[in-house]
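Undergrad: What follows is a single structure, and I will ask about it in a moment.
The values are calculated or read from the model by the stated rules, or taken from the named source; none is laboratory data. Remember, it's a predicted structure, so these values are computed and weren't measured experimentally. Reconstructed Cβ throughout: ideal geometry from the backbone, glycine too, with neighbour counts over all protein chains shown.
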Amino acid sequence: MRLSDVNMMEYSEGIVKSSPSTRVGELISDVRENMILLKKEFIDYGRVLNEQTAKLPLIVRKAMSERQKLSTAPVGIWDKQFFAGCFSFKDEGLTNSKDLPVFALEEEIREGQEYGFGIYSMFGHISPDFPRLLSLGTSGIRKMAEEKLADDIPQKSRDFLTAALISLEGLDIFAKRHSDWLFEKAANTNDSMRKKELLNTANALKNSPLNPAATYIEACQSAWLLHLAFQLTDNHLALGRPDQYLYPFLKDDLAAERLTLEEAQEITDCFLLKFNERAMNNQTSAQMKDIEREQEENEKRWRERKLYDIGQQRYNIRDTIDATNHWNQNVVIGGLIPEDGRDATNILSVMILESFRRLRMTNPVLTVRIHNNSPQWFLRQVAQTLRTGGGLPAIYNDETIIKAFTKFGIEEKDARDYANNGCWEALLPGKTDFYFLKLNTLKCLEWTLNNGICHIDDKQEVPDQGDPSKYTSFDEIFEKTMENIQLVAEGSAKHMLYTHPHRSSIAPVPLLSALLDGPIEKGLDMTDMGARLVVGGTIAEGISHLIDSLCAIDKVVFKEKKCTMGDLVDAIDSDFENYQNLRTLLSNSPKFGTNDQIADEMGRKVIDRYVDIIYQIDQKYDGMKFMPGVGTFSWYIAIGEGTGASADGRLSGKPVASNFSPSSGALTKGITAAINSFCHMGLDGLPLGSPLDLGMAERYVAGEEGINRLMGLLKTFVELGGNMLTISVADTETLQRAQKKPEDYKDLRVRMGGWSAYFTMLSKEQQDHHIKKSEGGIF
Amino acid sequence: MEIDSQGNFGMVFDIDHYAVHDGPGIRTCIFLKGCFLSCVWCHSPESQSIDPQLLFSSSRCTLCGACTTVCPKALHSMDTDGHKFSKEGCTTCGRCAEVCPSGALFVCGQSKTVDEVVNEALEDRVFYKNSGGGVTLTGGEVLYQPAFTRRILQALKKEGVHTIVETSGFGSKQDLIDLVPFTDVFYYDFKLGEKELFKKYTGGDLNVVLENLVALRKRTDSIVLRVPLIPGITDSIENITSAYEIANKLKIGLVHLLPYNSSADAKYDWCGKIYPLGKLNARSGLYEELLNLAPKDIKVSVVT
């Protein structure tokens, strides 16, 4: 069939009314029943380190370790699935999650620790070059490496390229083991239909990833196998733009009538289901880790926190406690074609979006790029998918994000190809080595008001800026706070510049480096700064509370003179004990998110300065690209736990607002005011992005009119210059019922900063947080 | 309170952005205070009086006692039974609401100028444009502050904003007709079609409502008849049939049935009033039954 014959409006409209195939329906139940890893047995992956291998360069040993794991990790396929290679094997009670075989010597490990790295240091948050694998195959990439090896190059490069070849061999072995196993299984299968499917998959794996993929199913299988191989070798990576790199294969299959649209949807459903074959709930998560020890280590890390690491949250094990089940598996669809800037949405975008709607799972996280010329049918399908809850897909506005990248010196053509890092930070897939440090901006004000001392544990964190009760103007406070932001941001940048090149001494990533643009070409591992683009991100936390606090100080202390600086400092020091009336006054000051001109101007001033600080740092230092973003991820509780009372009336230790959302209680003027305020923030200065997380009760999205309103909301978000938006649809009553009867709400999902999480798997504390937040209908 | 006959300012008790039940697209709903009727099912009892009112939500009160320290008349007190508020003598000075940290005490009704209201509504104009939305004026009763209503509509129309007016129809005929040039759609209440019952349950005169409807229909065909479905009061077959008959007779092609909203009791509590209706449920099959009764030329929909 010719794709030009498909009426996309009719197709996308029809598909959201359709049901999954029987196979997919059964697989959904199967995955849901078996996703939680209860039993945990490990395969012994064997050893890499011995007297002989110890003499080899570490990077070669790391590659051998990767190859070793891929040569021993269990292989298999779930019943009814098209795709082989699994995180877990439900029948055998096996999981594929044990660490890599040890490859480093004691002294190497000690040396690595000096820079904060270990053999299991993970450099996730990167989106590998899937198109490269699909178009060249490992054989093509190997050829590139071999040609480079034939050149006159330094020993370090030889070692890296040798290692890359070993890793690629590991991937080939992994594919061949699956293929052989599938041929054997097919031979022992009586059901002729299933036999044919198994042979199909076996043949797909026989051809690729060794060679370029030839069909849609081969391309999906290759992409999946690579993703799994990365996960098994401790690289938690994103998926980039599959509706772009898988599309050519789908198009050819449809044109040659190798596939029907229905078959293609079924394959897409099965492909996306693969990302859900593992999950942890609160208990299993706790069982699998020594919470007490981890807590202790985190407390210690927090006590010993350094300036660059000031974003270190107090209880970083929240991810374990909260069971957010994110694995950095993020898929970005829609957007623009890099070469000509035309709309990139295609029939595969529709299929992926539909898979997400019908599967009702949390993985992969789905992100949709929209822009001025996004087709109406696509916006409509996005709105229809949003209504199913879980806060997905996340919405990115190309118009703002691309502009932000170009402001930081990225070519527009490259910027048009942006995806994300697995969480929400935007990056250029396939060519970016990404790392970020967190910057608690609310803390920067806390120091200004407390002689550089943290209120939580009285640690002197930054230099004393003087007696806060003697500050005589608002500008003085603003400038001092910005000085602190500058201090931490520059400290972070220097820390990254200093430590980044040392990653390679203990934690090189030969497999990932082979699948990125840059390392093979330069003969340098990614951890040796080999990627085309090395980005050091700064993510500003607590920003809404900083804006509100500054507004409150300006109004109550300086404009209206309702209290002195001394009163304010005392009130904050005592967590507002005996200062209830002052706290009320401060709380009632202008707030970000209410489309209040004063608050919005303050917010704009804060963001502009923050962007400028990072921009100046980027201009000042070579070797890395420094870029700003704003967010909290799912750690808004933890960030609050390490932050004292704030001048906006927030009590000490209380959660901060998620990402760049208005603080709790600041949605008094509803969702449109929140969007208006947000879009006044100069978001085209933030290439990494800054999600606005909003929620609404089901009644706001009900019916045909509900879809129209959501579409209008999305278009307005684009027109006003928003960058990232998530909309959770949840009813308080539903959440309360789910807390009481979790067994009936297995597919209920809620938004968690960067992720979508199964509500019933969250901790009681997080559940209560979500219930409370949802009261009032708009949140 | 004096009503400004020029309509330069008026009493507003709420502005709801992204309102759901008051017309198409993303809408801002402006709620004007004051109403000539007092329907027993009224779900905004705080809207009936034109005067600002101090409301008290006991469930939000944290018993902090801040209000007791500022009330010039000492109307608030805390004892073992909780927060006591004697309404008698309250001048709605608002000082207690200002210091209340939990929002348990708040003043309902603010005097606003036309510009203030219109500017707030225009903040969302891009949303209206992209969703086919606009502004809905409702109440209370818009005809209670007719000049203010007209001025707001006029200003919005000048800006090209789609406008809907929601009215009980119980007010001055001329005031109603004066709104026609600036109103895209009238949502006109049909509560009860029987004179005695109308009087009993709303306190108003049905003839006025019907005469006004006829007069309005002569000047515009953009009218939707809206029937609140109050169980046991307005949802009888006879009553709905009489609504359909009027619609038929006046060639009004659209009728909205509004399901009963049982969540008003809390608001009665805020006003220190007793909610006269208990927890009522729509009888089963009601909507289907009423939809089936619809004459062929009239499009009836249930607004959920």
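Undergrad: In region A:691-743, which residues are hydrophobic (A, V, I, L, M, F, W, C) and either under 18 Å from residue A:769 (Cα atoms) or touching a Ser or Thr at 6+ places or on another chain (Cβ under 6 Å) (or both)?
TA: Passing the criteria: A:692, A:694, A:696, A:697, A:727, A:729, A:730, A:735, A:738.
Undergrad: Sort out for me the strands (runs of 3 or more DSSP E) sitting completely within region B:1-58 that have 1 or more residues that are within 14 Å of chain A (Cβ to nearest Cβ).
TA: Result: B:9-19, B:27-32.
Undergrad: Let me ask something else. Within region A:102-122, track down each residue that is part of a helix (DSSP H, G or I) and under 28 Å from the mean Cα position of the chain (by Cα).
TA: Once the filter is applied, which keeps residues that are part of a helix (DSSP H, G or I) and under 28 Å from the mean Cα position of the chain (by Cα), region A:102-122 yields A:112, A:113, A:114.
Undergrad: Just one of B:59, B:49 is closer than 27 Å to residue B:203 by Cβ and of a type in the set (S, T, N, Q); which is it?
TA: Among B:59, B:49, only B:49 is closer than 27 Å to residue B:203 by Cβ and of a type in the set (S, T, N, Q).
Undergrad: Return the pair list, or none, for Cβ contacts closer than 8 Å from residues in region A:572-592 that are within 12 Å of chain B (Cβ to nearest Cβ) to residues that are basic (Lys, Arg) and not in a helix (DSSP H, G or I), at least 6 apart or on different chains.
TA: As it stands, the answer is A:582/A:562; A:585/A:562, since those pairs meet every condition given.
Undergrad: Only one residue in B:203, B:169 is of a type outside the set (S, T, N, Q), modelled with pLDDT of 95 or more and touching a helix residue (DSSP H, G or I) at 6+ places or on another chain (Cβ under 8 Å), so which one is that?
TA: Only one candidate qualifies: B:169.
Undergrad: So, one more: Give the residues of region A:478-487 that are touching a residue at least 12 places away in the same chain (Cβ under 8 Å) and either small (Gly, Ala, Ser) or out of contact with any helix residue (DSSP H, G or I) (no Cβ under 6 Å at 6 or more places or on another chain) (or both), sorted by residue number. Write out each step before concluding.
TA: So in region A:478-487, the residues touching a residue at least 12 places away in the same chain (Cβ under 8 Å) come out as A:478, A:480-487.
Those that are touching a residue at least 12 places away in the same chain (Cβ under 8 Å) and either small (Gly, Ala, Ser) or out of contact with any helix residue (DSSP H, G or I) (no Cβ under 6 Å at 6 or more places or on another chain) (or both): A:478, A:483, A:487.
Undergrad: Select the helices (runs of 4 or more DSSP H) contained entirely in region A:290-387, then report the ones holding at least 3 residues which are modelled with pLDDT of 95 or more.
TA: A:347-359, A:376-386
Undergrad: Hey, another quick one. Would you call residue A:737 within 14 Å of chain B (Cβ to nearest Cβ), over 17 Å from residue A:394 (Cβ atoms) and in contact with an Asp or Glu (Cβ under 9 Å, 6 or more places away or on another chain)?
TA: Spelling it out, it is not the case that residue A:737 is within 14 Å of chain B (Cβ to nearest Cβ), over 17 Å from residue A:394 (Cβ atoms) and in contact with an Asp or Glu (Cβ under 9 Å, 6 or more places away or on another chain).
Undergrad: How many residues does region A:580-622 hold that are on the phi > 0 side of the Ramachandran plot and under 28 Å from the mean Cα position of the chain (by Cα)?
TA: 1
Undergrad: A further question follows. Quick one: is residue B:70 closer than 24 Å to residue A:776 by Cβ, of a type in the set (Val, Ile, Thr) and either in contact (Cβ under 8 Å) with a residue 60 or more places away in the chain or touching a helix residue (DSSP H, G or I) at 6+ places or on another chain (Cβ under 6 Å) (or both)?
TA: Answer is no for this residue.
Undergrad: What number of residues in region A:622-644 are in contact (Cβ under 8 Å) with a residue 24 or more places away in the chain and either within 19 Å of residue A:611 (Cα to Cα) or in a loop (DSSP other than H, G, I, E, B) (or both)?
TA: Of the residues in region A:622-644, 16 are in contact (Cβ under 8 Å) with a residue 24 or more places away in the chain and either within 19 Å of residue A:611 (Cα to Cα) or in a loop (DSSP other than H, G, I, E, B) (or both).
Okay, residues lined up against (1) of a type outside the set (S, T, N, Q); (2) at pLDDT below 95; (3) under 23 Å from the mean Cα position of the chain (by Cα); (4) within 26 Å of residue B:212 (Cβ to Cβ):
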{"site": "B:78", "(1), (2), (3), (4)": "yes, yes, no, no"}
{"site": "B:103", "(1), (2), (3), (4)": "yes, yes, yes, no"}
{"site": "B:111", "(1), (2), (3), (4)": "no, no, yes, no"}
{"site": "B:125", "(1), (2), (3), (4)": "yes, no, yes, no"}
{"site": "B:128", "(1), (2), (3), (4)": "yes, no, yes, no"}
{"site": "B:134", "(1), (2), (3), (4)": "yes, no, yes, yes"}
{"site": "B:140", "(1), (2), (3), (4)": "yes, yes, yes, yes"}
{"site": "B:181", "(1), (2), (3), (4)": "yes, no, yes, yes"}
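Undergrad: Taking region A:363-419 on its own, how many of its residues are among the β-branched types (Val, Ile, Thr), within 22 Å of residue A:10 (Cβ to Cβ) and free of Cβ contacts under 8 Å to residues at least 60 places away in the same chain?
TA: Residues in region A:363-419 being among the β-branched types (Val, Ile, Thr), within 22 Å of residue A:10 (Cβ to Cβ) and free of Cβ contacts under 8 Å to residues at least 60 places away in the same chain: 1 in total.
Undergrad: Same structure again: If we keep just the residues of region A:132-180 that are in a helix (DSSP H, G or I) and in contact with a Gly (Cβ under 7 Å, 6 or more places away or on another chain), which is surrounded by the most Cβ atoms within 10 Å (Cβ to Cβ)?
TA: A:160
Undergrad: Can you find, within region B:60-90, the residue that is surrounded by the most Cβ atoms within 10 Å (Cβ to Cβ) among those that are of a type in the set (Ser, Thr, Tyr) and within 21 Å of residue A:583 (Cα to Cα)?
TA: Looking at residues that are of a type in the set (Ser, Thr, Tyr) and within 21 Å of residue A:583 (Cα to Cα), I get B:68.
Undergrad: Kindly evaluate residue A:442 against the criterion of being in contact with a Cys (Cβ under 9 Å, 6 or more places away or on another chain) and either of a type in the set (Gly, Ala, Ser) or assigned to a helix (DSSP H, G or I) (or both).
TA: It is false that residue A:442 is in contact with a Cys (Cβ under 9 Å, 6 or more places away or on another chain) and either of a type in the set (Gly, Ala, Ser) or assigned to a helix (DSSP H, G or I) (or both).
Undergrad: Which ones in region B:167-187 are surrounded by 23 or more Cβ atoms within 10 Å (Cβ to Cβ) and assigned to a strand (DSSP E or B)?
TA: Selection gives B:167, B:186.
Undergrad: Tell me which strands (runs of 3 or more DSSP E) are completely within region B:192-304 and hold 1 or more residues being without any contact (Cβ under 8 Å) to a residue 40 or more places away in the chain, or say none if there are none.
TA: B:223-229
Undergrad: Ok, one more. Tell me whether region A:760-772 contains one or more residues that are surrounded by fewer than 20 Cβ atoms within 10 Å (Cβ to Cβ), within 14 Å of chain B (Cβ to nearest Cβ) and at pLDDT below 90.
TA: Taking every residue of region A:760-772 in turn, at least one turns out to be surrounded by fewer than 20 Cβ atoms within 10 Å (Cβ to Cβ), within 14 Å of chain B (Cβ to nearest Cβ) and at pLDDT below 90.
Undergrad: Failed condition for residue A:713, given (1) within 11 Å of chain B (Cβ to nearest Cβ); (2) aliphatic (A, V, I, L, M); (3) closer than 25 Å to residue A:606 by Cα, with all others met?
TA: So the condition that residue A:713 fails would be (3).
Undergrad: Also: Please give the helices (runs of 4 or more DSSP H) falling wholly within region B:85-158 in which 1 or more residues are within 12 Å of chain A (Cβ to nearest Cβ), polar (S, T, N, Q) and touching a Lys or Arg at 6+ places or on another chain (Cβ under 7 Å). Show your work before the answer.
TA: Details: elements: B:95-99, B:114-122, B:125-131, B:146-158.
Helices (runs of 4 or more DSSP H) meeting the threshold: B:125-131.
Undergrad: How many residues, within region A:667-686, are assigned to a loop (DSSP other than H, G, I, E, B) and within 13 Å of another protein chain (Cβ to nearest Cβ)?
TA: 4
Undergrad: Run down A:704, A:641 and say which single residue is more than 26 Å from residue A:557 (Cβ to Cβ), among the acidic types (Asp, Glu) and either within 14 Å of another protein chain (Cβ to nearest Cβ) or in contact with a strand residue (DSSP E or B) (Cβ under 6 Å, 6 or more places away or on another chain) (or both).
TA: Result of the check over A:704, A:641: A:704.
Undergrad: List the helices (runs of 4 or more DSSP H) inside region A:478-594, counting only whole elements, that have at least 2 residues being touching a Ser or Thr at 6+ places or on another chain (Cβ under 6 Å).
TA: Details: elements: A:503-506, A:510-514, A:519-522, A:543-552, A:565-573, A:580-587.
Those helices (runs of 4 or more DSSP H) span A:503-506, A:510-514, A:543-552, A:565-573.
To keep it simple, each residue is scored yes or no on (1) surrounded by 21 or more Cβ atoms within 10 Å (Cβ to Cβ); (2) under 25 Å from residue A:244 (Cα atoms).
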residue	(1), (2)
A:73	yes, no
A:76	no, no
A:81	yes, yes
A:87	no, no
A:92	no, no
A:99	no, no
A:103	yes, no
A:110	no, no
A:120	no, no
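Undergrad: Can you name every one of the helices (runs of 4 or more DSSP H) wholly within region A:214-260 that holds 3 or more residues which are surrounded by fewer than 21 Cβ atoms within 10 Å (Cβ to Cβ) and more than 18 Å from the chain's Cα centre (by Cα)?
TA: The helices (runs of 4 or more DSSP H) meeting that bar are A:247-255.
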